[in-house]
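Asker: I'd like to ask some things about the structure below.
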Amino acid sequence: MPAPAPRPDAPPPQPAEPSKPKWGLHAQAASEEMKHGSPADRGSADAYYWRRPWPHKMVRGRQIAVKGKERADYLSAYVREEARKDWGDI
């Protein structure tokens, strides 16, 4: 028996929502603000690795100090990061 034809008045199928990681601030990495090396990405990483806050971004492998909105993005990500690296018994 062939499959029934779709009804002409049926709504089109909706695409499934992409799954999102559930760990720390890095779950937002897909957003433009959290792209790799951005001030928000660096702030999140610095907090995770227990480093002192120093607002910067990475440009071609070099740390560049930031001001204004980029500084605010860094500090906001630094404060919001909940996960911390467990260094074990060092």
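What follows draws every value from the coordinates through simple rules; no lab data is involved. This structure is a prediction, so every number in the text was calculated from the model and none was measured. Ideal geometry is used to build each Cβ from the backbone, glycine not excepted, and the neighbour counts take in all protein chains shown.
Asker: Of all residues being touching a Phe, Trp or Tyr at 6+ places or on another chain (Cβ under 6 Å) and not in a helix (DSSP H, G or I) in region 31-65, which is nearest to Y78 (Cα to Cα)? Just the residue, please.
Answerer: P53
Asker: To continue, here is another question. Hey, can you tell me all the residues within region 57-70 that are surrounded by 10 or more Cβ atoms within 10 Å (Cβ to Cβ), farther than 13 Å from D46 by Cβ and either in contact (Cβ under 8 Å) with a residue 60 or more places away in the chain or not aliphatic (A, V, I, L, M) (or both)?
Answerer: Applying the first criterion (surrounded by 10 or more Cβ atoms within 10 Å (Cβ to Cβ)) to region 57-70 yields 57-58, 63-66, 69-70.
Right, trim to farther than 13 Å from D46 by Cβ and you get 64-65, 69-70.
Correct list: K69, E70.
Asker: Considering only region 71-90, how many residues are of a type outside the set (A, V, I, L, M, F, W, C) and surrounded by fewer than 13 Cβ atoms within 10 Å (Cβ to Cβ)?
Answerer: Matching residues across region 71-90 total 6.
Asker: To continue, here is another question. Tally up the residues in region 66-86 that are among the hydrophobic types (A, V, I, L, M, F, W, C) and not in a helix (DSSP H, G or I), please.
Answerer: So the count comes out to 2.
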